[in-house]
Amino acid sequence: MIRDILRMGDPRLLSLAKPIESFGTAQLTKLIEDMRETMIANDGAGLAAPQIGVDLRVVMFGFESNDRYPDAAPIPFTVLVNPQLTPLADEIEEGWEGCLSLPGLRGWVPRFTRLRYRGFDAQGNAIDRSVEGFHARVVQHECDHLDGVLYPMRMTDLSRFGFTDVLFGDDASAE
Ligand code: NI
């Protein structure tokens, strides 16, 4: 089922989400199904459970190609439960980000360039990957949602925060 996405200003986007304690449950399966349908319907690169009002540590991300990020390399579709992130270097890279909870907007956000992430899939199988670039950025963005952090809260230069169509022209305005 396609769910409504909460928008910035909703206090549910600011809370600390709770860990999943049981894997392979009907509840978790349904949550992931709803998140996937909602992400695809909105052409998102990722989605976190709190964005549909579910206070649990579940994120997903991935795409073959994405109209919202036409230059981004593909990222394998991944469901990540109870994620743990470890930066692999101090190096920080800035780049444009959007968020389905801030429709029509983009911001220039600093993120760790290289990252190891660990967690579990829906069945409880371990996931352990080291990634960089846009993949690392998307994971940091989605996992921030689990801690009540939205990308403008990571920005250091708010002069590079604006409406997508104004920043990049009408071609980029599709959300
Ligand atoms: Ni987001």
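Numbers below:
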read-out: Choice from 35, 60, 155 showing the highest fluctuation, given a GNM over the chain with Cα pairs closer than 10 Å; value: 155
read-out: Residue among 59, 79, 149 with the largest mean-square fluctuation in a Gaussian network model of the chain, springs linking Cα atoms under 10 Å; value: 149
read-out: Cα-only Debye scattering, the stretch 62-156: base-10 log of I(q)/I(0) at q = 0.15, 0.21 Å⁻¹; value: -0.59, -1.19
read-out: Within-13-Å neighbourhood charge of residue 15 [Cβ basis; K, R +1; D, E -1]; value: -1
read-out: The stretch 38-175 - percent of accessible surface contributed by carbon and sulfur, probe 1.4 Å; value: 50 percent
read-out: For the chain, calculated [θ]222 nm from helices alone, where every DSSP H run of n ≥ 4 adds -39500 (n - 2.57); value: -6000 deg cm²/dmol
read-out: Amide N proximity, the stretch 115-151 versus residue 22 label position 7 Å along Cα-to-Cβ, cut-off under 19 Å; value: 120-125
read-out: Convex hull per residue volume in Å³, alpha carbons only, for the chain; value: 105 Å³
read-out: Interchain or long-range residues, amide H under 5 Å from residue 18's placed H; value: 56, 57
read-out: Top of 50, 76, 152 by mean-square fluctuation, Gaussian network on the chain, Cα under 10 Å; value: 76
read-out: For the stretch 66-82, Karplus couplings with θ = phi - 60° (6.51, -1.76, 1.60), whole Hz, Gly/Pro x; value: 9, 4, 6, 9, x, 8, 7, 5, x, 10, x, 5, 9, 9, 10, 10, 6
read-out: Kirkwood Rh in Å, taken over all unlike Cα pairs in the stretch 12-70; value: 12.2 Å
read-out: Within the stretch 68-88: backbone nitrogen closer than 13 Å to the residue 43 label point (7 Å, Cα to C-beta); value: 68-71
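The values are calculated or read from the model by the stated rules, or taken from the named source; none is laboratory data. Because the structure is a prediction, the values reported are computed rather than measured. Here the Cβ is made from the backbone with ideal geometry for all residues, glycine too, and neighbour counts use every protein chain on show. Only protein heavy atoms, including side chains, enter the accessible area calculation; ligands, DNA and RNA are left aside. Shrake-Rupley method; radii C 1.70, N 1.55, O 1.52, S 1.80 Å.
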